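Single-structure report; data block below.
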Amino acid sequence: MEYLVNEAIEDYAFLNTSEEPPLLQELIDGTNENMGWPQKLSGRLVGRTLKMLSAIHQPERALEIGMFTGYSALSIAEGMPETGKLICCETNPRAIDYAQTFFDRSEHGHKIEVIFGRALDTLETLAEQLDGPLDFTFIDADKRNYLNYYLKVKELTRPGGLIILDNVLWSGKVLQPESDIDDALVETNRLIAADPNMENVFLTVRDGLNVVRKLR
């Protein structure tokens, strides 16, 4: 991921943001050492944002699309009430196994359920697994399907619920889209901003974080 702000400013923001719990710091180190594409980790600025939004919103039913090694899942679960349930969609068996070792050691791990398989398939049957609409969703999977994920999640989300999309700046490529991935992100961002049934704030945190609230 390219830095979209001055690297020194990015480092300053990192150093002046609350640290992750030690278990999450261990997860970061292990992911960097043992997993491919460790840059897929959300990182402290996004992770602590997710934890704070979760703590404020107190979701009972949450969803994550694209879990990787569990950093963002544990960040969200940390802010959830004890009775909350976070369903995570992931297609990488090795990442799931690795994440589960940390879920098993975390006081918040009991809130997390991982579903292996394509998220679009999981979303088709998700309503049957929930005892009500979604309160909180974090989308951070394949960018080509961002619009598909968003539209389905919007349908499953209660009024007042949050939908948070990561990497919505896509290293700045949204300014001059050249690929179908770039186009998918541009269209998703445009649709969100134009929807009178949603309100959002587009944050330039790390690679872009779109925080969306369903109004009705």
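Overview of values
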| item | result |
| --- | --- |
| Mean separation of Cα contacts under 8 Å, 6 or more apart, over the residue count of the range 1-117: relative contact order % | 22 percent |
| FRET efficiency, 1/(1 + (r/R0)^6) with R0 22 Å, evaluated for residue 37 and residue 101 via beta carbons | 0.75 |
| Segment residue 121-residue 55, length gained on full extension (0.36 nm per residue, minus Cα span) | 20.9 nm |
| For the range 1-93: rounded, prolate or oblate by the Cα gyration tensor [a/c cutoff 1.5] | oblate |
| Low-density loop cleavage sites - GluC sites (Glu not before Pro) in the range 62-140, where at most 16 other Cβ are within 10 Å (DSSP) | 82, 107 |
| Net charge dipole size for the range 1-71 [Lys, Arg +1 and Asp, Glu -1 on Cβ; Debye, nearest 20] | 320 debye |
| Model label zone, residue 91; criterion: amide N under 13 Å from point 7 Å along Cα-to-beta-carbon; scope the range 39-72 | 66-68 |
| Taking the convex hull of Cα positions in the chain, its mean projected area over all directions (nm²) | 11.4 nm² |
| Share antiparallel - DSSP beta bridges, the chain, percent rounded to 5 | 35 percent |
| Packing-based exposure ordering (other Cβ within 10 Å, fewest first) of 137, 125 | 125, 137 |
| In the range 1-54, the chymotrypsin sites (Phe, Trp or Tyr not before Pro) that fall in loop regions by DSSP, at most 14 other Cβ within 10 Å | 3 |
| Residue among 184, 210, 197 farthest towards the positive dipole end of the range 177-216, charges placed on Cβ | 197 |
| Percent RCO, i.e. relative contact order, over the chain, from Cα pairs under 8 Å lying at least 6 residues apart | 18 percent |
| Helix-only mean residue ellipticity at 222 nm for the chain, each DSSP H run of n ≥ 4 adding -39500 (n - 2.57), per residue, nearest 500 | -13000 deg cm²/dmol |
| Long-range lysine pairs (8 or more apart or interchain), the range 70-166, Cα under 20 Å | 5 |
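Read-outs: derived from the displayed coordinates by stated rules, not from any lab. Note that this is a predicted model, so its numbers are computed, not measured. Glycine also receives a Cβ, built like all others from the backbone with ideal geometry; neighbour counts cover every protein chain displayed.
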